[in-house]
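Trainee: I'd like to ask you about the structure that follows.
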Amino acid sequence: MRIWHYFEIVCYVVIGLGLFVSCNEEEEVGKGDETSQEGKDPLVPTPEGERFMKAQQIIKNLCEVDSVNGSATYDFKIGEVLDVTRPTEFSVGMDDLEEATEFFRSSILGTTNEPVDLNGVLEVDLQEQGSLVFAPGGDNGALATLTINLVDLPVMTKLYFIPATLWPDNASSPYAKGNILYDKIDNRYYVCIASYDTGRDGVLFTLDGGWSYDSNDDKDEMATDGGKVVNYYNVPSEADFNSLYDYYTTKHDDLLARLLLAFPDYTEAGCFHNRKSTEKTSTRPHKMDEAYKDVLSGSDWQRDDFDNKMREKGFHMTTTVKEYWAWFEYWHEYWFYGYRLKNVGGQFGEKYQLQYIDTQEYNVPGVYLLLCSMRHFSYGAFDNNRYELKRR
């Protein structure tokens with residue numbers, strides 16, 4: 001086997017020398033050719049790929065897309081149809097134009113899509129993926145109107161931002177921010193981080209499971225030794241994280257106490273999709289009816305560490321893991337996409353990515369991000385028999 005290994009290496013060297021000679025012979029032909037592929041980084045996504053990812057992020061912020069019998073189904077998290085004769089036109093309640101504009105930027109576009117401002121009209125052009133145009137005003141007293149033309153979201157063409165005072169009298173929420181619920185089917189606790197409000201879904205947050213993942217070959221020609229993309233599912237969208245960030249910054253102690261009561265521990269995901277660790281949220285267990293001042297009192301390094309991780313490391317969204325073979329050594333690339341609650345100059349939290357590259361197997365620093373999942377609810381579409389209210 002050792003002889004065959006050396007023979008294999010010699011073959012690679014001979015092939016490399018042949019390519020070197022071939023490139024020298026064609027050097028004059030390639031000079032001055034601005035479309036030459038030389039110098040391009042195969043790890044950088046194509047412009048088409050970036051536009052596709054940006055469009056998918058917008059869609060994920062607006063709704064969850066599933067497939068039933070080969071047909072796409074859409075569960076909208078933002079917006080409701082108020083006129084059944086116009087099934088592709090949705091509405092959402094806002095206090096004023098300023099709130100509508102900020103909501104469009106942060107919770108619909110997210111941090112990866114920066115609109116062009118044309119005298120107050122905000123436009124996002126994703127070329128072959130479609131476009132969005134946000135303009136003040138609109139039909140029926142709307143504060144603003146978002147015109148949507150996305151190839152992968154044909155069922156939504158308009159989103160009207162209407163005054164919350166004009167919303168129909170059916171906007172009561174079954175649960176309020178801060179409620180702790182127990183799912184009797186999945187045996188999982190949730191904390192309500194946003195109540196249902198005029199076309200915006202209520203959001204339930206958990207550190208107790210609910211996420212899933214798979215690994216797929218990304219078909220990258222460079223990744224000849226098991227390149228793969230690890231996709232996480234049922235993880236929050238940017239709009240969900242904005243709700244969590246708003247709760248965290250406005251009522252930090254209240255949220256932290258409720259998380260400690262509901263979740264005795266949490267899970268972190270590391271460099272590889274199957275590398276996880278479980279940590280405690282506190283040095284001692286808590287009772288559901290315990291007073292907040294007792295939950296947050298005294299020295300508790302595990303509680304402080306958990307709080308710090310939410311701000312500094314943040315929550316895991318997805319991972320890209322690739323392994324490349326080139327000139328007798330491995331090249332590993334690890335991308336983490338996450339969302340942390342630290343305020344870095346913006347109103348909302350910070351979506352960010354971490355990249356670790358090395359040229360030796362299994363030599364990547366042990367960086368872990370928290371795993372969580374969300375569940376949405378709206379008026380009249382919630383299974384009260386499934387959930388038990390444990391604490392208001």
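The values are calculated or read from the model by the stated rules, or taken from the named source; none is laboratory data. These numbers come from a predicted model, not from an experiment. When we count neighbours, we look across all protein chains shown, and the Cβ atoms used for this are built from the backbone with ideal geometry, even at glycine.
Trainee: Take the conditions within 19 Å of residue 157 (Cβ to Cβ), in contact (Cβ under 8 Å) with a residue 24 or more places away in the chain and in contact with a Gly (Cβ under 9 Å, 6 or more places away or on another chain) and apply them to residue 90. Does it pass? Lay out the reasoning, then the answer.
Mentor: On the way: within 19 Å of residue 157 (Cβ to Cβ): yes; in contact (Cβ under 8 Å) with a residue 24 or more places away in the chain: yes; in contact with a Gly (Cβ under 9 Å, 6 or more places away or on another chain): yes.
Judged against the criteria, residue 90 is a match.
Trainee: For the range 239-297, enumerate the residues that are at pLDDT below 85 and among the aromatic types (Phe, Trp, Tyr).
Mentor: Matches in the range 239-297: 241, 245, 272.
Trainee: Just the residues that are touching a strand residue (DSSP E or B) at 6+ places or on another chain (Cβ under 6 Å) and among the charged types (D, E, K, R), please, taken from the range 42-79.
Mentor: 64, 66, 75, 77
Trainee: Within the range 126-142, is even one residue touching a Phe, Trp or Tyr at 6+ places or on another chain (Cβ under 8 Å) and closer than 26 Å to residue 49 by Cβ?
Mentor: Of the range 126-142, the ones touching a Phe, Trp or Tyr at 6+ places or on another chain (Cβ under 8 Å) are 129, 134, 138-140, 142.
Now narrow it down to the ones that are closer than 26 Å to residue 49 by Cβ: 129, 134.
The answer is yes; a qualifying residue exists.
Trainee: Residue by residue through the range 237-270, note down the ones that are more than 24 Å from residue 179 (Cβ to Cβ) and either among the acidic types (Asp, Glu) or more than 17 Å from the chain's Cα centre (by Cα) (or both). Please lay out each step first, then the result.
Mentor: Here is the first cut: in the range 237-270, the ones more than 24 Å from residue 179 (Cβ to Cβ) are 268-270.
Passing the criteria: only 268.
Trainee: Of the conditions (1) farther than 26 Å from residue 51 by Cβ; (2) modelled with pLDDT of 90 or more; (3) outside any strand (DSSP E or B), residue 191 fails just one. Which one is it?
Mentor: Just one mismatch for residue 191, condition (3).
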